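The values are calculated or read from the model by the stated rules, or taken from the named source; none is laboratory data. Here the structure is a predicted model, which means the values were calculated and not measured. Note: ideal-geometry Cβ built from the backbone for every residue, glycine included; neighbour counts use all protein chains shown. SASA here: full protein model, heavy atoms, side chains in, ligands and nucleic acids out. Shrake-Rupley method; radii C 1.70, N 1.55, O 1.52, S 1.80 Å.
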Amino acid sequence: MTWNPGSWRTRPAKHQPTWPDRPALELAEKQLSMLPPLVFAGEARTLKTRLAAVADGRAFLLQAGDCAESFDGFGADAIRDKLRVILQMAVVLTYSSGVPAVKVGRIAGQFAKPRSSATETQDGTELPSFLGHMINDLPFSEGDRLPNPDRLLRAYNQSASTLNLLRAFTKGGFADLHRVQAWNQEFVASSAEGQRYTNLAQEIDRALRFMEAAGVSSFFNDTATTEIYTSHEALILQYEEALTRQDSLTGDWYNCSAHMVWIGERTRQLDGAHLEYFRGIKNPIGCKVGPDTTPEEILALCDALDPDHEAGRLTLISRMGADRVEESLPPLLEAVKKSGHPVVWACDPMHGNTFSAESGHKTRHLDDVTKEVAGFFHAHAQTGTWPGGIHVELTGDDVTECLGGSSDIHDADLGRRYETMCDPRLNARQSLDLAFRVAELLR
Ligand code: PEP
Ligand code: CO
């Protein structure tokens, strides 16, 4: 029963790579455990208070970013563009709903993926599946697909530079609310939702000028800087353990690789290694819940992960699929409400709505994404609970991975810029489109 950062090792862990070189893995773990933490425990605690406001219906969670971050083409522009979309979505949500948006990126650590099959076969050759850049590489060759522990260190280093740039952008002026117009990047601005955003940004500008002229702006929070937090699926437990540190102020253990970490739908077994690891860290945590989750199971998850009934500790991320959400979610909402666990409920409208297009691309349709969010809001309206947030996969790039949206991407367009390494992401326009649709639901 006693917990320590490595007690997960006594439990079965699903979706782990078969590391061919154990001594090399152990060396990487040792090196990681000596490196500085990426975040401070105090920051994770602040995020927990923000999420407590979400649990209480006083704020809205926007968790968004890549399905899988990449070591290739890693650079400042991609990070800036992703941040820009998240800032734009947050402005739309906040302005329409009147409650603050808590911004959490799937960023600076989202490098490992659970896969439906451990291996992939092409032309009679069977190799390990691509598991994310923290583990192996995408090209279909034996050398690329072999899990390599040096990648754990590279993931740490890329997370550190990404986080550094995010901090610079959010504290150094880029995210100043007075620049709300400037965030509307070129290919977005020319679209219908870009125009809609421009109109909203003009209203915000007027409001800011009014507050300054009236001398009220100094009573408001600082508009020049903003908060963005980092998160990822904590899948590879050796990496997470090595970055788990004891907070000198409180003596508590925190995962210092991100502010928030979550457990995926495939690794949330009650007696599994991931649950064992998560129960001992004090970060705010998430847990994905799919359409086959039973009320008994969700109560057991809540008891294991939030034994103290602490607001902001646990975010349940519902990923039911557009067709099943209205039937699957209400019994879970009822059960959790009755139990008194003050959880955040967020809607991941992506992972239950993936299908293969005729062109062979794995895709999602923005209409299904919106339909699931609407079903999620409807379910909450029925139980009298707060639809606390959304969890989406997006990029700031002008990719063609998901169908639909006002620029109406069709199956034949998918091949044009299909760049994801894993799941299809909303592009910047589709993301903004979704934010406006969610804002309407919030209103
Ligand atoms: C993901 O968030 O990328 C993911 C794999 O989700 P899920 O665990 O919900 O399938
Ligand atoms: Co995904």
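Quick check: from the Cα gyration tensor, does region 303-438 come out rounded (a/c under 1.5), prolate or oblate? Because a/c hits 1.5 or more and a/b exceeds b/c, region 303-438 counts as prolate. Rolling a 1.4 Å probe over the protein heavy atoms of region 250-370, with every protein chain left in place, gives an accessible area that is 47 percent carbon and sulfur. Rounded, prolate or oblate: which fits region 133-219 when a ≥ b ≥ c are the square roots of the eigenvalues of the alpha-carbon gyration tensor, with rounded for a/c under 1.5 and prolate only if a/b beats b/c? It comes out oblate by the Cα gyration axes.
If I take every Cα pair under 8 Å that is 6 or more residues apart in the chain, average their sequence separation and divide by the length, what percent do I get for the relative contact order?
Working: 857 pairs, mean separation 96.0, N = 443.
Relative contact order of the chain: 22 percent.
Every pair of different Cα atoms in the chain enters the Kirkwood calculation, which places the hydrodynamic radius at 22.2 Å. In this rough spin-label picture, where each label sits 7 Å from Cα along the Cβ direction, the T119-R417 distance is 3.8 nm. Only one residue of A374, L165, Y239 has its Cα farthest out toward the positive end of the dipole of the chain, where Lys and Arg carry +1 and Asp and Glu -1 on Cβ, and that residue is L165. Normalised by 2.2 N^0.38 Å, where N is the number of residues, the C-alpha radius of gyration of region 177-318 stands at 1.46.
Cys residues of the chain that find no other Cys beta carbon under 4.7 Å: C256, C287, C302, C347, C402.
Toward the positive end of the charge dipole of the chain, with +1 on the Cβ of Lys and Arg and -1 on the Cβ of Asp and Glu, the farthest Cα among Q122, S96, W253 is that of W253. The magnitude of the dipole of the chain, with charges of +1 and -1 set on the Cβ of Lys/Arg and Asp/Glu and taken from the Cα centre, is near 1120 debye.
What you get for region 95-227, charging only the Cβ of Lys and Arg (+1) and of Asp and Glu (-1), is a dipole of about 400 debye around the Cα centre.
For the pair F71 and D408, label points projected 7 Å from Cα toward Cβ lie 4.3 nm apart. Can you flag which of K82/K113; K171/K288; K103/K288; K103/K282 are past 23 Å Cα-Cα? K171/K288, as the Cα separations exceed 23 Å there. Computing FRET efficiency as 1/(1 + (r/R0)^6) for Q382 and D303, where r is the C-beta to C-beta distance and R0 is 22 Å, gives about 0.35.
How large is the convex hull of the Cα atoms of region 18-175 per residue, expressed in Å³ as a whole number?
Expressed per residue, the convex hull around the Cα atoms of region 18-175 is 147 Å³.
Considering every alpha-carbon pair of region 69-156, the percent of pairs per 5 Å bin, from zero through the bin containing the longest distance, is 3, 12, 17, 16, 13, 11, 10, 8, 5, 3, 1, 0.
Model label points for R11 and D271, set 7 angstrom from Cα along the Cα-to-Cβ axis, are 1.2 nm apart.
Rounded, prolate or oblate: which one fits region 171-247, using the alpha carbon gyration tensor with axes a ≥ b ≥ c (rounded when a/c is under 1.5, else prolate when a/b beats b/c, else oblate)? Show your work: numbers first, answer last.
Working: a/c = 4.21, a/b = 1.68, b/c = 2.51.
It is oblate, given that a/c is not under 1.5 and a/b is not larger than b/c.
Taking Cα centre as origin and charging only the Cβ of basic (Lys, Arg, +1) and acidic (Asp, Glu, -1) residues, the dipole magnitude of region 290-443 rounds to 320 debye.
In this structure region 1-136 gives 43 Å² per residue of accessible area when probed at 1.4 Å with all protein chains present. As a length-normalised measure over Cα pairs under 8 Å and 6 or more apart, the relative contact order of region 270-422 settles at 20 percent.
Solvent-accessible area assigned to carbon and sulfur over region 1-97 amounts to 55 percent, based on a 1.4 Å probe. Take each complete run of DSSP H in the chain, measure how far its Cα atoms stretch along the helix's own axis, and keep only those covering 27 Å or more with mean Kyte-Doolittle hydropathy at least 1.6; list them. Once both thresholds are applied, nothing remains. With 0.36 nm allotted per residue and the present C-alpha distance subtracted, the D398-T49 stretch has 122.2 nm of extension available. When DSSP beta bridges are restricted to pairs lying wholly in the chain, around 25% turn out antiparallel.
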